[in-house]
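S.K.: First, the structure itself, so that you have it in front of you.
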Amino acid sequence: MRMDFLTLFPEMFPGVLESSILKQAAEKKAVSFNVLNIRDFSENKHGKVDDYPYGGGAGMVLTPQPVFDAAAFAANEARGKPRVILLCPQGKPFSQAESERLASEEHLIFICGHYEGYDERIRENLVTDEYSIGDFVLTGGELGAMVMADSITRLLPDVLGNAESAKKDSFSNGLLEHPHYTRPADFKGWKVPEVLLSGHHENIAKWRKQQSLKRTMERRPDLLEGRQWTEEEKKVLETLKNDN
């Protein structure tokens, strides 16, 4: 996969893209990251990329020309038709399901805006997808793009040391993940549940499923709305209700 980031602040990216799993993924050539400065594509001699909004109002608006030209440059550098992603508060909420969908693409271009907003013609004629990472406002789209890149990259083939890790993450199966424990078995009197020390794989699997459902019910009951319950899950759910 290739990911291009169109930004006014390219200096924000190296610390994230050159660390941890993202760095390892790039070294394995599972993904390539490219950061383009939108100002480099401005036809204005001063590199200006924003202007006052028609009709008046507070703030400045990102102009279309440098964004279109930067996206065209990025698209010409790769094979296939890219998905052009706009980070904005009006976008679709980003989720694990969306991350899994985007992980099957060959080329993603992220547009990271600043100022008051984008010229609407960018949204209408260039962008294929709009995403928001939450119901809050950030200074720009850079952090959101990096969050999405991290989530998508770890789903690419051979990126994680254990392919099962991504499949069992929170949200991958519509539930929050079960609790984890490691050594020591007794820390300051707080002990690891006996079932995890038993070596009985079937009982451990049942405990983890129960804990996953319990945690989801307590913390994110909205995730369970409309869920198609398996027979095993129905039994676990009944047990949890009886315990309560």
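The values are calculated or read from the model by the stated rules, or taken from the named source; none is laboratory data. This structure is a prediction, so every number in the text was calculated from the model and none was measured. Cβ sites come from the backbone with ideal geometry, for glycine too, and all protein chains shown count toward neighbours. Heads up: the accessible areas ignore ligands, DNA and RNA and are worked out on the full protein's heavy atoms, side chains in. Shrake-Rupley method; radii C 1.70, N 1.55, O 1.52, S 1.80 Å.
S.K.: Tell me, yes or no, whether the range 165-174 has at least one residue that is at pLDDT 95 or above and either within 27 Å of MET217 (Cβ to Cβ) or in contact with a Pro (Cβ under 7 Å, 6 or more places away or on another chain) (or both).
M.R.: No: the range 165-174 contains no residue that is at pLDDT 95 or above and either within 27 Å of MET217 (Cβ to Cβ) or in contact with a Pro (Cβ under 7 Å, 6 or more places away or on another chain) (or both).
S.K.: Looking at (1) in contact (Cβ under 8 Å) with a residue 40 or more places away in the chain; (2) under 25 Å from ALA70 (Cα atoms); (3) surrounded by fewer than 16 Cβ atoms within 10 Å (Cβ to Cβ), find the lone condition where ASP158 falls short.
M.R.: The failed condition is (2).
S.K.: While we're looking at this one, here's another question. Write out, first by first residue and then by second, each pair whose Cβ atoms fall under 6 Å of each other, whose residues are 6+ apart or on separate chains, and whose first residue, in the range 16-30, is touching a residue at least 60 places away in the same chain (Cβ under 8 Å) while the second is surrounded by 12 or more Cβ atoms within 10 Å (Cβ to Cβ) and of a type in the set (A, V, I, L, M, F, W, C).
M.R.: Note: pairs meeting the criteria are VAL16/MET146; LEU17/PHE33; ALA25/VAL31; ALA25/VAL159; ALA30/LEU156; ALA30/VAL159.
S.K.: A further question follows. Step by step: first the residues of the range 20-49, then only those that are touching a Ser or Thr at 6+ places or on another chain (Cβ under 7 Å) and within 16 Å of PRO157 (Cα to Cα), then the one that is surrounded by the fewest Cβ atoms within 10 Å (Cβ to Cβ). Which residue is that?
M.R.: ILE21
S.K.: Suppose we filter GLU142, GLU130 for residues that are touching a residue at least 60 places away in the same chain (Cβ under 8 Å), within 30 Å of GLY56 (Cβ to Cβ) and not hydroxyl-bearing (Ser, Thr, Tyr); which single one remains?
M.R.: Answer to the selection: GLU142.
S.K.: Related question: If a residue must be open to solvent by 40 Å² or more (accessible area, probe 1.4 Å) and modelled with pLDDT under 95, how many such residues does the range 61-82 contain?
M.R.: Qualifying residue count, the range 61-82: 5.
S.K.: Out of the residues in the range 2-18 that are in a loop (DSSP other than H, G, I, E, B) and open to solvent by 60 Å² or more (accessible area, probe 1.4 Å), state the one that is farthest from VAL61 (Cα to Cα).
M.R.: Applying the filter and picking the extreme gives GLU18.
S.K.: Could you run through the range 83-116 and say how many residues are in a loop (DSSP other than H, G, I, E, B), open to solvent by 20 Å² or more (accessible area, probe 1.4 Å) and closer than 19 Å to GLY141 by Cβ?
M.R.: The total comes to 6.
S.K.: Okay, moving on. Looking at (1) touching a Pro at 6+ places or on another chain (Cβ under 8 Å); (2) open to solvent by 60 Å² or more (accessible area, probe 1.4 Å); (3) part of a helix (DSSP H, G or I), which is the one condition that is false for GLU202?
M.R.: Every listed condition holds for GLU202 apart from (1).
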